[in-house]
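Contents: one structure, followed by commentary.
Laboratory data are not the source of any read-out in this text; all were calculated from the coordinates shown. Just so you know, these numbers come straight off a predicted model, no measurement behind them. We place every Cβ from the backbone using ideal geometry, glycine too, and count neighbours over all the protein chains shown.
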Amino acid sequence: MKTVTDVLHDKITQFVTKNADYGSEFAKLKIENDMVNTFFDEINQMSDGFTFNFIEELKDDVKKNGLLLDTLYHSATECATFFSFLLVLLRRLCPVDGAFTNTMLFTKTLIQRINKDDHSPRSEFNKFFFKHLFRSYCSLIRECPNKRQQICEVIYQHTADDLDARIKMVQSLKKHLKDEELVYACQAHLLAQETEFNEGWFDVFLYYALIGISNQRANIRIYSLNMLNTIAMHNAEGVLDVTQHIAKLANEPYWEIKAQCLEFVCTILQQFSSYSHLLMGKEDLKSAIGGAQAGK
């Protein structure tokens, strides 16, 4: 049985052989012993088109249940090795390039496949995520702020089908990210991935958001308001009681905070027809509207 490194060696060789232009690019790499590791370590030397189309080759293999996917499903060790290579790509590639976006999408799709297929090593793979991969993602978030949102999307995909795992992941952010502001930023990005309301999941973020809106750091207040806005879009009734806090924040001098307060008001008003009976007598909401409009 071939290892994933063997499969990647063959994939790279076939890819650069069938296209003369890509072969010329590849020839510029100084490869001494380990071709696969050198290829991934120096991937930023390749053109965007080169890397984008190489990822397309890998995506095609997975889609067709080819040798690469078969090798990954052979053992969790092979999965771990391959995701280490994907992490190198996410670290090396420029976030505005098509190759980075394609790599991110491929990574998310592969995670989804592993977590859904019965014959995949998903249990061991998920253990690897919490023991090693999650820490590496957090390291990448700290080092590359311009990739923060995309990496959060990848992290979310690892736990998308397991609420307990998602809660555990969110609670572990502080341990690996260290910086409180960065933790709140990632929480806002992670919550934005949710498409359906889940009370247990949203309560975790509501807890952090209610603490965050009183934080001395303006950015943490902004991220907390962003989370409240996301929650309001899914469950307006659940955040009506915080309108008095929003009213106070609307008077702050920071335009970003005023914008979040205004968005909160707009979100609640969009739900007005459904929740009009709850809004009766909510003078705090009226104050929030007035404060946000005054700051425009």
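So here's what we get for this one:
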read-out: Potential lengthening between Phe197 and Ala27 on full extension [0.36 nm per residue; Cα-Cα distance subtracted]; value: 56.1 nm
read-out: Anisotropy class of segment 163-254 from Cα gyration tensor, a/c 1.5 cut; value: oblate
read-out: Global geometry of segment 191-245, whether rounded, prolate or oblate, following the gyration tensor of its Cα atoms and the 1.5 cut on a/c; value: prolate
read-out: Expected 222 nm ellipticity per residue - DSSP helices of 4 or more, -39500 (n - 2.57), all of the chain, to 500; value: -23000 deg cm²/dmol
read-out: Calculated SAXS-style log₁₀ I(q)/I(0) at q = 0.14 Å⁻¹ - the chain, Debye, Cα scatterers; value: -1.01
read-out: Among Thr101, Phe82, Met169 - extreme Cα towards positive end, dipole of the chain, charges at beta-carbon; value: Met169
read-out: For segment 169-193 and segment 78-104, distance of Cα centres in Å; value: 21
read-out: Debye-sum result for segment 97-212 in log10 I(q)/I(0), which assumes one identical scatterer on each alpha carbon, at q = 0.10, 0.14 Å⁻¹; value: -0.29, -0.58
read-out: Selected from Ile155, Val62, Asn19, residue furthest toward positive end of dipole (the chain; charges at beta carbon); value: Ile155
read-out: Nearest-20 debye value, the chain charge dipole, Cβ charges on Lys, Arg, Asp, Glu; value: 580
read-out: Alpha carbon centroid spacing (whole Å) that separates segment 216-249 from segment 107-128; value: 35
read-out: Under the span-like rule (Cα at least 30 Å along the axis, Kyte-Doolittle mean at least 1.6), DSSP H helices of the chain; value: none
read-out: Tensor-based shape of segment 1-152 (alpha-carbon gyration tensor, a/c under 1.5 rounded, otherwise prolate or oblate); value: oblate
read-out: Among Leu110, Leu249, Leu240: highest mean-square fluctuation, GNM of the chain, C-alpha pairs under 10 Å; value: Leu240
